[in-house]
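Notes for the one structure printed next.
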Amino acid sequence: MSVYNGERYLREAIDSILKQTFSNFEFIIINDGSSDTTAQVLSRYQNHPGIVVINLPKNVVKLYIGAMILAWPDITAKVVLWLFAAWAIIVGMINLVWAIKTRKDAEVAGKPAHFIFGLIGVGFGLIAFAWPEATILSITWVVGLFAVLFGILLLVAGFMARKDQQL
């Protein structure tokens, strides 16, 4: 668990983990340079047999994550894809449930759209999980095409602005 200035809820969060029935675990808590009393709260748990507390200077965790992203871009892309796919499925399911629950409510507008968006979200998420490489390639193509088209539009706008200044 990573924490930054979490003194308010930290004790409650740690105690809820320790109250679990499963006891064979190692709970690693990383303090990312908190400026409040988080370090003092963590010091109370430092000698617990299942807890490892790591106090770092501020923003070291972000630096470490950035270095990991640069070192392993392929793994990073897959993790981001899995998170995006899971998000798409969850949002799709929420849309489907909402559309089904409100199907008889005449006052609620947009039910067919929510149902369709829900199906698309779930479908996209499942496709992303099933074929991650193809999905990453497709997203890369879409982003690349967007960048090229946007670049062309900026060039045209620049030339038009230059032409207007010359007049």
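The values are calculated or read from the model by the stated rules, or taken from the named source; none is laboratory data. This is a predicted model, so every value here is computed, not measured. All Cβ positions, glycine included, derive from the backbone under ideal geometry; neighbour counts span all protein chains shown.
Just to confirm my filter: which helices (runs of 4 or more DSSP H) fall fully inside region 1-87 and include at least 2 residues that are closer than 30 Å to A134 by Cα and modelled with pLDDT under 90? Write out each step before concluding.
Working: elements: 7-18, 38-43, 60-71.
Those helices (runs of 4 or more DSSP H) span 60-71.
Scan G66, G50, G92 and give me the residue that is in contact with a strand residue (DSSP E or B) (Cβ under 6 Å, 6 or more places away or on another chain) and either of a type in the set (G, A, S) or within 25 Å of V3 (Cα to Cα) (or both). So the residue among G66, G50, G92 that is in contact with a strand residue (DSSP E or B) (Cβ under 6 Å, 6 or more places away or on another chain) and either of a type in the set (G, A, S) or within 25 Å of V3 (Cα to Cα) (or both) is G50. Contact map, region 88-106: first residue closer than 13 Å to F117 by Cα and not assigned by TED's automatic domain parsing to the domain that holds G121, second residue loosely packed, with under 14 Cβ neighbours inside 10 Å and modelled with pLDDT under 90, Cβ cut-off under 6 Å, separation 6 or more or different chains; the map is empty.
Tell me yes or no: at least one residue of region 92-104 is surrounded by 12 or more Cβ atoms within 10 Å (Cβ to Cβ), among the hydrophobic types (A, V, I, L, M, F, W, C), farther than 30 Å from G33 by Cα and under 20 Å from the mean Cα position of the chain (by Cα). Yes, some residue in region 92-104 is surrounded by 12 or more Cβ atoms within 10 Å (Cβ to Cβ), among the hydrophobic types (A, V, I, L, M, F, W, C), farther than 30 Å from G33 by Cα and under 20 Å from the mean Cα position of the chain (by Cα).
Listed conditions (1) in contact (Cβ under 8 Å) with a residue 24 or more places away in the chain; (2) loosely packed, with under 14 Cβ neighbours inside 10 Å are all met by F27, apart from (2). Looking at region 123-140, is at least one residue exposed (fewer than 12 other Cβ atoms within 10 Å of the Cβ), of a type in the set (A, V, I, L, M), outside any helix (DSSP H, G or I) and out of contact with any helix residue (DSSP H, G or I) (no Cβ under 8 Å at 6 or more places or on another chain)? No, region 123-140 contains no residue that is exposed (fewer than 12 other Cβ atoms within 10 Å of the Cβ), of a type in the set (A, V, I, L, M), outside any helix (DSSP H, G or I) and out of contact with any helix residue (DSSP H, G or I) (no Cβ under 8 Å at 6 or more places or on another chain). Between N5, N59, N47, the distinction of being polar (S, T, N, Q) and over 24 Å from the mean Cα position of the chain (by Cα) belongs to N47 only.
Each row is one residue, and each column tells you yes or no for (1) under 30 Å from S34 (Cβ atoms); (2) of a type in the set (G, A, S).
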| site | (1), (2) |
| --- | --- |
| I65 | yes, no |
| A71 | yes, yes |
| A88 | no, yes |
| V143 | no, no |
| G158 | no, yes |
